[in-house]
Structure formats: structure tokens, C-alpha cells
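The values are calculated or read from the model by the stated rules, or taken from the named source; none is laboratory data. Since this is a predicted model, take the numbers as computed values, not measurements. Ideal geometry is used to build each Cβ from the backbone, glycine not excepted, and the neighbour counts take in all protein chains shown.
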Amino acid sequence: MPADFPLLSLAIWLPIVGGLLMLATASEQRVQHTRMLALIVSLLTFLCTILLYTHFNHKTYHMQFAEKMEWIQAFDINYHLGIDGISLPLILLTSFTTVLVVIAGWEVIRYKLAQYMAAFLIMEGLMIGVFSALDAILFYVFWEGMLIPMFLIIGIWGGPHRVYAAVKFFLYTFLGSVLMLVAFLYLYFAAGSFAILDLHQLKIGMTAQVLIFIAFLVAFAVKVPMWPVHTWLPDAHVEAPTGGSVILAAIMLKMGAYGFLRFSLPITPDASHELDWLMIMLSLIAVVYIGFVALVQTDMKKLIAYSSISHMGFVTLGFFIVFMIFEQTGSTHGAAMGLEGGLVQMISHGFVSSALFLCVGVLYDRLHSREISAYGGVANTMPAFAALMVLFALANSGLPGTSGFVGEFMVILSTFKANFWLALLAGTTLILGAAYTLWMVKRVIFGAVANDGVASLKDMNAREALVLGVLAVAVLGLGLWPAPVLDIMHPSVQHLLQHIMQSKL
Amino acid sequence: MEQVYLGIVLAPLFGAVLAGLFGRYIGRSGSHWVTIAGVAVSFALSLLVFKQIIIDGAAPFNGAIYTWMVSDGIKFEIGFLVDQLTALMIVVVTFVSLMVHIYTIGYMHDDPGYQRFFSYIALFTFSMLMLVMSNNFLQLFFGWEAVGLVSYLLIGFWFQRESAIYANLKAFLVNRVGDLGFLLGIAVILMHFNTLDYAQIFKMAPHLAHETVTFIPGYEWSLMTVICILLFIGAMGKSAQVPLHVWLPDSMEGPTPISALIHAATMVTAGIFMVARMSPLFELSETALSFMMLIGAVTALSMGLLGIVQNDIKRVVAYSTLSQLGYMTVALGASAYAGAIFHLMTHAFFKALLFLAAGSVIIALHHEQDIRKMGALKNHLPITYWTFLIGTLALIGFPGFSGFFSKDAIIEAVYESTLPGAGMAYAAVMIGVFVTALYSFRLLFLVFHGESRVDAHTRKHLHESPWVVTVPLIALAIPSVIMGAIHAGPMLFHDFFGKAIFVLPQHDVLAHMGREYQGVMGFVLHGLIEPPVWLAFAGIATAWWCYIKHPEIPAVVMSRCATLYRILCNKYGFDDFNDTVFAGGGRRFGRLLWQVGDVTVVDGVMVNGTARGIGWFSSVVRHVQTGYLYHYAFAIIIGLVLMLGWPLLSQ
């Protein structure tokens, strides 16, 4: 492969063009054809991202696979792409998850299949675009563009209250992002460039930094989501079709966290330092408060949605504990572990929450209920499914040997360096996470057969078993040997850490 | 040698994976053969290691297998430390596990989950071996949680039963409370030592003995005390010490073979093992030692008392396990680590024996566990009876039986200890001896002697269990008798553990006792004139008096001491307290946060409130947009007047 081959562009545009093509040729008759096309496009995209991984240089923090073309000359806006060790794992996660979503929707979606698949493929391209954009406006375009297919997915293929949920989702995230655009414009006038790497180097005064930080915070906090701007997520998840929930949980939530790493921390390090208490507080509220809220949910999807918020709390905690470690110990030793822990938690949550939403999907397809009380004793009739769901539930409770443990472990270790009590609060997830997840498992999976519906359940078909099986391998693989994933991240994380420790004042 | 160690852990794992994933294809016998073969290989290799390390005195092995991850320049590895302590543990674990595997063929014979069961217990063996062979805290925690996982799966093995899935969730959550302490302990260690490797930590520990940490401004705590107490909180969960003991009695909902393997012989002793492994750290904190001694003493006595009022055969044995774990913890607190490990070993044999024998009774009676419906089974189940008797004698510390040596050593060690709390602990373990003998012989008499209370139908079909059940009983009865006499000298008073266990000279109670040690016979003769043995005999006599001679006495005592009896039956109220305060309180708190915080404030006021606010504002502003031309014209005129009038007025 030639060195300047536009692999990133290919990974972005292949699914988008494929999706558009599918829309153009959509026909209700050729369903099988549509499915195969979607599968092939998603697999090819996955292959592209695998090539990114195999050709990635683990030793440097510099942006790789860079592409740059003029786009809007008057404002110096460029089509500028590139990835580092922070974005690569997320891109891999995106293309991997999309393949699973395509397979998961195979025969479950009966209404407007081509449009459904096209929406996911187009969204895939946009999401990869978000993770590889090096120009703020390009980033913004991908970021906002992504809302459209997701809005449609919830609004068209969703549950009974889909319109309320779709509008809530759209307005919530859109309003947040507008402030981000304002911040970009301010930065453009200060730096004369929209290039993200230039913005990293820009010197900014404290007041401006705080304002920019808050603008970013609103945009990213909504996406993560952080308390108290999280209430769109349970509604969106409950109403979204299974595939929508999977993408929402596995990828879209990660974009907020990615935003903190790509924009907030490097562009406004002093404001991040100044306001780290706020971020830590919000993260811990997510872990503890939301953990308790998850405990009392009666709807499985809502429970997993709240659990997502709680787990994402670890991501933001890991990112912002850095400054406190520096203050307490006088060195940044241990801080990289927080950042890397947050990143690993993102990947792991991508696997585990996808898997759990798919599990709920498997049950929902059969009995058309998400209520915990509608089930009971599923293990009697669906033993193979029960085994997998218990595995994912345990991963969700952070059991060592599964991916769920790695990130939480690293973030707790690193938080401990900053403060004992914060680590103790974060550590309550050990109990709370196990309580809400395993209590759900107890009521859904275990017990005697609860009703005729459960008695009539058939175990997973080959397609369902394939999707969940692949995720099980991923969950165990990352849990038993996280080293390869971390090795990709080290140089970029170290570089970021050095960067944010230098004051911009 | 590395291959041998890998073989020890991987053989059971291989069996577990085969039986678990392909159980349907290899069938029932295929599953038990493959798992038994795996554990047997593991046992044989463990014996080889035992010979090399302990008999031939080979140097301990300490090496990494693979790097789990690197972060912040710190290597997190998976690796083995095989020294005397490990060598002993792996032999005990694999031996008991092998016996339980064989026994399971008989016990689970008719169960539809046969393959799954074998897969789980083989997986358990793998996890437990990883735990005891670890050379670092990461892997220790892995093993720690993995045995907890298998315990969770096995307590809930009969997942149709509500009581079983209640018990397994409870066990997991209570253990998680301990694990939180354990994890924080690991975090302190990583922060101050910058490594999780045992060898390096032990080397650095003495230099950090006088370090202090501050968690609450104004209060300085010794670093070692903080580390040790946090780690011990983990041990309290796994080894079921008060107040984290509540899960163990309920864990009896699992099938009996795992009660023997996991909830008596091996997993619950992981906490004891861990503290002994960490002796170089615990030795540096007398506060932590005293704390352990107190917790252990409370557990040993209070849980023993509960054993007297239980009527479920397995629960009596379970409370006895709790009490014996208390003894081990007391020994750890007295710095008699070798004594604790010695008791761990003898207890593993006789307690596994007692559980398996109890299981044999349970199958004979078609899964009846209530001892009020047993009695006079002695002649129907001779092998079960005699092995059960051996286990009981070992448990109460009858002179010459294995438990006698280990328990006597613990009591003596506490007597010698000069740490704060030793006096109270001594009193507790002494009374505990009487209590142990009382509940043990109460059980024995009610099950095997006296009048038969078995229903007529079952009585007709009573017969001894098949050989797959009785052979493990006999195989466990032998070490229950002899292991004490064989190992008492070397393990307690000679250099059996080498550098694996570290004791400061001023704490070394065993060395003090060793100066008076004159061989096994001397030990036994000395024991005969000491109070513990007489207390044990008194316990037996009391049990005989109350349950054989005058069976009407217990009812009288019950009604006379009704309050005390109620307290014991309520298990001191721990369960009610946890259910109301933690489980109930947690749910109420969650509902409050959800309904008030999320639904009312965030969604109601902030989100939908904003939408309503905008709607209201628009409806007000809409009145301006009337559509009448003269309204607009009027507005224009007012505007003009204001715009022109303002400059004029301001001049």
C-alpha cells in the first residue's frame, strides 16, 4: 500500500457512499440483496480500519494517515484528517460495532430495511469522520451530521414514544453543540486557523479559557452524558430500536469523552485545571447517584442506559483526576493511568453495553417487552443465551478477566493517588454495579419459569449467537490481555499529558 | 519447572472449558472424565512440586508468565510464586477438589445440570490455583474475584429455586463489600510501592514501616496499618468474618459437593491464606494484628453458638466452618501464621469430610436436610457414620486427631501472645472449644443415634451410598486423623515454611512454644492435662446428656431462655439489619433520587420546564403579532416617537 493512500477517507466515504447507493436503489422486493450489500460495505469498512491498525506506528504521538485538502479557502477551512493512538481504538470500535449492528438487524427489521441499513452505514462514515477530523469545522460538520441519521433511526424505527424521544435527543444534543461552534469561531478569530493542532498551541487568557471550557463542556457533557444533562439518554435508549441503542451506547457517548481529550484538555488546560473539581464532582455523581437510580429501574433498557451513564462517569473521572494527582503528589506519575483507564473504559463500555442492549433485543424480539417483571427464569428455556447474558452482566459489574474490570481498576488506582475518599466513592461501583446488574439478572434470567411467554421462548438462532459470541470474545480478550490496546495509546497519552501540564497563560 | 506450574493450572481449565462448552457433545461421562483427569493431573503435578520444594528443599520459583498490561511505566504481570506455602496449598486444593469431583459423580447423578456442574468445579479449581500461585496482587485479585464468581454460579446452581438465587446474589454483594476494601488496599500499595509484585513489596516494606498517611486532615495513620486493615477487610468478606459473614450460611443453598469444596475447604480460606502470604506486611502493624485477633475471636465464639440452634444439617456444619475460620483468624492475629495455615489444612480435610458425609446422609434420605427428621442412621449408613465420627472428633480437637494439634497450637499461641486483645481472644477460643464439641456431638447424636425420626417410607429404602461417594469419604478420613500428627512438629516449630512466612522475633509465639516441644507424643500427653481437652469432653458430655440421656432437656432450656434462643435463631439480627438498612435503604434511596432528582427536578423542571417556559413566553409574545395593520402602524409611530424623542429629551 502506498504511503499516501487515503485510507482514512476510504473508511469514511465507503460506508457513506454505500449507504447513499442503497437509498437510491432501495426496493422492498430485493431485501436479501440489501442485507448482503450492507454487510459487505460494513465488512469492507471494517477491513479498512484493520489496515489502519496494522499500518499504525505505535511509537509516535504524531498524527498518522494525514490527509489535507482545501475546502473553503476564504476561511482557511480544510478537509484535514489524521489519527493518533487516542482516535484509532475508537475508529476500530466504530467499524466493528457497525458490522454487528448490520447483522443484528438482519431479519428483525421488516419496515424500510434499505433505509435502515443506509442510515447506519452513513452514520458509520460520519462517526469515523468525527474521530479523524483535524479541522474544527470539519469536525463540527461530522458531529452535527451524525444527529440526522440517529434522529431518523429513533423517530422511524423506534418504540411508541419515539417522537418525543427523538426530538428530545435532537434538541438536547444540538443545543449543546451550538455553543461548541461559538467556541470554534472565537478560537478562529484568535488563532486565524481552524486546524485543531494549531488551536492546541494557542495561548489564551484565563477568562477566555474558562468560557471556552464551559462552551465545550455543555456540548460534550450532553453527549457523554453527564449529570444533570443526562435525561435524554434513558428516553432515547428505551425508544430506539436495538441497533440504534447499540450505536448510541457504544459510539455516540464516546464522542463526548473524545471531545474532552481532543478539545477541552489541550485547548484550555488551565481552565480544565481550575474547574477539575467540578468535573470530578459530576463524574462521581454519575457513578454513585446514577448507580442508585439504576438500581430501581423496572425497564431493562432504562437500567442499562443508567448503567451506561454510571460507567461513563469513570471515563470523565479518569480524564480530570490528572490535575489533582499533580497537586497532591507534585508529579504526573499515575496520571497517565487515569487517562488510559478512561480510554479503556470507553472501549470496554462499547463492547459490554452493546452486548447488553443486544441481549435485551433478543428478548424483546420474542416477547415484545422490556419490563423486568415480564420475565423470570429465562435460563430454563434459553440456556445458551442465559450463559452469555450472565457473562455480559458480570463484565458490566467489572469482574476481573472481563473488559469491564480494566478501565475501572485503572481509574480507581489513579484516583487513589489524588484522594482516598474520592477513590472510595468511585469504588462503590464495585457494589452498586454488581447490585443493579446482577439483581436484574436474578429477576430476568434465574428463577422458575415465570409465565407462558417465557415458557415458549426459543434459544438464540445462529445469527444472534454469532453476534453475542463475537462480543463475548471481545469482552474476554480485552479483559485477559489489555496490553495491545494500551500499547497503541501510550505515546499519544504521554504527549497529551505533557501538553496539558504546560500552562497557556 | 514453568511447564509443570502451567500444567497445574491449565489442566483443570482445559477440563472446565471442554465440559462447559462441549458438554452436550461429550456427554455426562465424557464431562466427568475430562474434568477428573484434569484435576488428577493437577494433583499429581502438585505432589511433584511439593516433593521438590518441601522434601528436597528446592529454591522457590518466582517468575512472570505474561505482561497483562503496562501503564504509567508500571508492569502488571501474570506470574507464579511457588514456595513452601504455595506448595502446601496446591496439594490441599487439588486433593480436596479431586475427592469432590469423584464424589460428585454419585451426588449429582440424576441432575440435569451434570456437565455444567463439572465445568464449574473444574473452573473453580483453576481459579483457586491461580490465586494461591500468584506472585503479585493483580493476579491475586483476579483469582479472588474468579473464585467469588464460581461461588456465585454454584450457590445459584439450582437457579429455579428462589432461595438459591437470593443466596448467590447476597454472597456476591457481601463479598463485593470486602473486595472494595481489598481493592483500596491494593491501591495504597501501588501508590507507595509503585509495584504489585510481592517480592519487591516485601523487600521495601521494612523501609516504609514508619510512614504515615493522612486521609482526614489532622489524623495521621500508619501506612502499614492502613494497608493491612484494608486487605483484611477483603479477607473478612471472603473468609466470612463478622460482620461480613452473613453470606456463608445462605451459601448452603448450593449443592453439597461445593459446600465442601468452596464453602469449607478452599475458597473461604483464601482470606487466611492471603494474610499468611502478606505476613511481611502484617508483622509491621500491631494494630492490624490486634484487630484481626478481635474479629476472629468474635467470629469463633458467636458463630459457634449459632451452630447449637440450627436444625439443618448443612447449616450446622456451615456455622462450624465460620467458627473455625474465626480460630484461623485469631491465629493470624497472634502472629502464628503457621498455626493458621496448619489449621487451614487440617480443617480442609475434616470439614470437607463432614460436608461430604452430610451429603451422603442427605442423598440417603432423598434430600432431607432437617436433623429433626433423622436419627439412628448409624446402622444404615456405617461408612458414612464412622467417617462422620472421625471428622467430628477431628473438629472438636480430640487428642491425637488432626484438629487437636492445630487447634491446640492456636489456643496456646493466643495464650502466649502479648498483643492487646489477646486476653479476650483467649477466653473466646477457650469457650469456643466447649461450644464446638457441644454442637458437633448434638449433630452427631441427632443424626446417627437415638430414636429414628425418619418417615416410614424413606426408612424402608435406606442404604449406604455408592462407592463414588464412600471412597472420597474414606480418602478424606485418613488425613483427618493422621495429618496433624505428621505435620505438627515440622509445620509449627521447624522451618517448614522457610522464608514464605515472616514473623518478627518479638511476635514469634510459635518459636516460644517450640522450646518446650518434645515430639508428637509429648504434645498429646501435654494436651491431655490442659483445659481445652477437658472443655471438649465437657461439651461431648453435655451433648450426650441433653440429646441421648434426657432428650426432653433442650425443649425446657429453650422455653426457659426464650429471649436468648430468639436472638440465636435470628442470628443476632444481622440479616434483618442488612435487609432493612442496606438492601431496603438502597432501593428507597435510589427511588428517591430517581423520582425527585431525575423525573421531577431535571426532567420536570429543567428540561420540560424549559420547553413549557418557551411555550408560555411565545404565547405571551404572540399577542403582539395580531395581524392588524393599524396595530403595526401604531407600533411604528410609537417607535419613531421614542427614537426621535430620546435624543431630544436627553439634551
Practice task
Report yes if some residue within the stretch A:433-449 is more than 8 Å from chain B (Cβ to nearest Cβ), under 30 Å from A:T332 (Cα atoms), modelled with pLDDT under 95 and assigned to a helix (DSSP H, G or I); otherwise report no.
Solution key: yes
Condition met for B:T563 (of a type outside the set (D, E, K, R) and under 30 Å from A:Y436 (Cα atoms)): no
If we take the stretch B:556-651, then helices (runs of 4 or more DSSP H) inside it with 3 or more residues that are within 14 Å of chain A (Cβ to nearest Cβ) are B:585-592, B:608-622
Every listed condition ((1) aromatic (F, W, Y); (2) closer than 19 Å to B:D598 by Cβ; (3) touching a His at 6+ places or on another chain (Cβ under 6 Å)) holds for A:F323 save (2)
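For the stretch B:565-584, check the following and say yes or no: at least one residue is of a type in the set (D, E, K, R) and over 30 Å from B:L306 (Cα atoms). Even if it seems obvious, please write down each step before you answer.
Filtering the stretch B:565-584 for residues of a type in the set (D, E, K, R) gives B:566, B:571, B:575-576, B:579.
From what is left, the residues that are over 30 Å from B:L306 (Cα atoms) are none.
For the stretch B:565-584, residues of a type in the set (D, E, K, R) and over 30 Å from B:L306 (Cα atoms): absent.
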Among (1) over 26 Å from B:M69 (Cα atoms); (2) crowded, with 24+ Cβ neighbours inside 10 Å; (3) away from chain B (no Cβ under 12 Å); (4) not small (G, A, S), A:Y306 falls short only on (3)
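Can you work out which of the residues in the stretch A:330-347 that are facing chain B (nearest Cβ under 8 Å) and part of a helix (DSSP H, G or I) is nearest to A:G479 (Cα to Cα)?
Filtering the stretch A:330-347 for residues that are facing chain B (nearest Cβ under 8 Å) and part of a helix (DSSP H, G or I), the one nearest to A:G479 (Cα to Cα) comes out as A:G341.
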Whether any residue in the stretch B:46-61 is closer than 19 Å to B:A270 by Cβ, away from chain A (no Cβ under 14 Å) and either crowded, with 18+ Cβ neighbours inside 10 Å or not aromatic (F, W, Y) (or both) is what I want to check. yes
When (1) over 29 Å from B:S417 (Cβ atoms); (2) exposed (fewer than 13 other Cβ atoms within 10 Å of the Cβ) are applied to B:G522, the one that fails is (1)
Residue hits (the stretch A:421-432; touching a Ser or Thr at 6+ places or on another chain (Cβ under 7 Å) and facing chain B (nearest Cβ under 7 Å)) are A:A423
Within the stretch B:207-223, of all residues that are within 31 Å of the chain's Cα centre (by Cα) and of a type in the set (G, A, S), the one modelled with the lowest pLDDT is B:A209
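Being β-branched (V, I, T), closer than 27 Å to A:F260 by Cα and surrounded by fewer than 22 Cβ atoms within 10 Å (Cβ to Cβ) is the filter here, so list the residues in the stretch A:460-505 that pass it. Break it down stepwise before answering.
The first filter runs over the stretch A:460-505 and keeps only residues β-branched (V, I, T), leaving A:467, A:470, A:473, A:475, A:485, A:488, A:493, A:500.
Still in the list and also closer than 27 Å to A:F260 by Cα: A:475, A:485, A:488, A:493, A:500.
Scanning the stretch A:460-505 gives a single hit, A:I488.
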Sole miss for A:A455 among (1) touching a Ser or Thr at 6+ places or on another chain (Cβ under 7 Å); (2) within 14 Å of another protein chain (Cβ to nearest Cβ); (3) surrounded by 14 or more Cβ atoms within 10 Å (Cβ to Cβ); (4) under 29 Å from A:W106 (Cβ atoms) is condition (3)
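Pick from A:V493, A:V470: which is away from every other protein chain (no Cβ under 14 Å) and under 25 Å from A:G404 (Cβ atoms)? Talk me through it step by step, then tell me what you get.
Working: A:V493 fails: away from every other protein chain (no Cβ under 14 Å).
Only one candidate passes the filter, namely A:V470.
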Pairs returned, first residue in the stretch A:272-296 that is more than 13 Å from chain B (Cβ to nearest Cβ) and assigned to a loop (DSSP other than H, G, I, E, B), second residue that is surrounded by fewer than 21 Cβ atoms within 10 Å (Cβ to Cβ) and at pLDDT 90 or above, beta-carbon separation under 9 angstrom, 6 or more apart or interchain, are A:L275/A:V210; A:L275/A:I214
Subset of the stretch B:19-33, residues surrounded by fewer than 23 Cβ atoms within 10 Å (Cβ to Cβ) and on the phi < 0 side of the Ramachandran plot, comes to B:G20, B:L21, B:F22, B:G23, B:R24, B:Y25, B:I26, B:R28, B:S29, B:G30, B:W33
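Just checking, how many residues over the stretch A:430-481 are hydrophobic (A, V, I, L, M, F, W, C), touching a residue at least 60 places away in the same chain (Cβ under 8 Å) and under 25 Å from B:F76 (Cα atoms)? Step through it out loud before you land on a result.
Initial filter on the stretch A:430-481 (hydrophobic (A, V, I, L, M, F, W, C)): A:430-432, A:434-435, A:438-441, A:444-446, A:448-450, A:454-455, A:457, A:460, A:462, A:465-468, A:470-476, A:478, A:480-481.
Right, trim to touching a residue at least 60 places away in the same chain (Cβ under 8 Å) and you get A:432, A:435, A:439-440, A:444-446, A:448-450, A:454-455, A:457, A:460, A:465-468, A:470-472, A:474-476, A:478, A:480.
From what is left, the residues that are under 25 Å from B:F76 (Cα atoms) are A:471-472, A:474-476, A:478, A:480.
So the answer is 7.
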Residue pairs within 9 Å by beta carbon, gap of at least six or interchain, first lying in the stretch A:102-125 and under 20 Å from A:W13 (Cβ atoms), second in a helix (DSSP H, G or I) and among the basic types (K, R), listed first then second, are A:V102/A:R35; A:M117/A:R35
- within 25 Å of A:L93 (Cβ to Cβ), among the aromatic types (F, W, Y), more than 8 Å from chain B (Cβ to nearest Cβ) and in a helix (DSSP H, G or I), is that true of A:F409? no
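What helices (runs of 4 or more DSSP H), lying completely within the stretch B:402-504, carry at least 3 residues that are over 26 Å from the mean Cα position of the chain (by Cα), at positive phi and among the β-branched types (V, I, T)? Walk me through it before giving the result.
Values: elements: B:402-416, B:422-448, B:456-460, B:467-487.
Helices (runs of 4 or more DSSP H) meeting the threshold: none at all.
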Checked B:G450, B:G403, B:G391, B:G397 against criteria (surrounded by fewer than 24 Cβ atoms within 10 Å (Cβ to Cβ) and not aliphatic (A, V, I, L, M)); the one match is B:G450
All-but-one check, A:A374 against (1) more than 30 Å from A:Y258 (Cα to Cα); (2) aliphatic (A, V, I, L, M); (3) within 14 Å of chain B (Cβ to nearest Cβ); (4) touching a residue at least 12 places away in the same chain (Cβ under 8 Å), failing number (3)
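If you take the residues of the stretch B:159-195 that are in a loop (DSSP other than H, G, I, E, B) and over 23 Å from the mean Cα position of the chain (by Cα), which of them is farthest from the other protein chains (Cβ to nearest Cβ)?
Step one: of the stretch B:159-195, the residues in a loop (DSSP other than H, G, I, E, B) are B:159-161, B:194-195.
Of the ones still in play, those that are also over 23 Å from the mean Cα position of the chain (by Cα) are B:160, B:194-195.
Numbers: B:Q160: 5, B:N194: 8, B:T195: 12 Å.
Among those that are in a loop (DSSP other than H, G, I, E, B) and over 23 Å from the mean Cα position of the chain (by Cα), it is B:T195.
Yes/no matrix, rows are residues, columns are (1) away from every other protein chain (no Cβ under 14 Å); (2) within 30 Å of B:F118 (Cα to Cα); (3) under 26 Å from the mean Cα position of the chain (by Cα):
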position: B:A64; (1), (2), (3): no, yes, no
position: B:W68; (1), (2), (3): no, yes, no
position: B:S71; (1), (2), (3): no, no, no
position: B:K75; (1), (2), (3): no, no, no
position: B:F80; (1), (2), (3): yes, yes, yes
position: B:L88; (1), (2), (3): yes, yes, yes
position: B:V91; (1), (2), (3): yes, yes, yes
position: B:L98; (1), (2), (3): yes, yes, yes
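Return the residues of the stretch A:473-490 that are within 11 Å of chain B (Cβ to nearest Cβ) and under 30 Å from A:A379 (Cα atoms); say none if nothing qualifies. First the steps, then the outcome.
Of all residues in the stretch A:473-490, those within 11 Å of chain B (Cβ to nearest Cβ) come to A:478-487, A:489-490.
Listed by number, the residues that qualify are A:L478, A:G479, A:L480, A:W481.
Just to check your reading of the model, which residue among A:I40, A:I16 is modelled with pLDDT of 90 or more and under 16 Å from A:W106 (Cα atoms)? Spell out the reasoning first.
Working: A:I16 fails: under 16 Å from A:W106 (Cα atoms).
Exactly one of A:I40, A:I16 is modelled with pLDDT of 90 or more and under 16 Å from A:W106 (Cα atoms), namely A:I40.
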Hey, any hits in the stretch B:224-236 for a residue that's more than 14 Å from chain A (Cβ to nearest Cβ), crowded, with 24+ Cβ neighbours inside 10 Å, under 19 Å from the mean Cα position of the chain (by Cα) and closer than 30 Å to A:M382 by Cα?
no
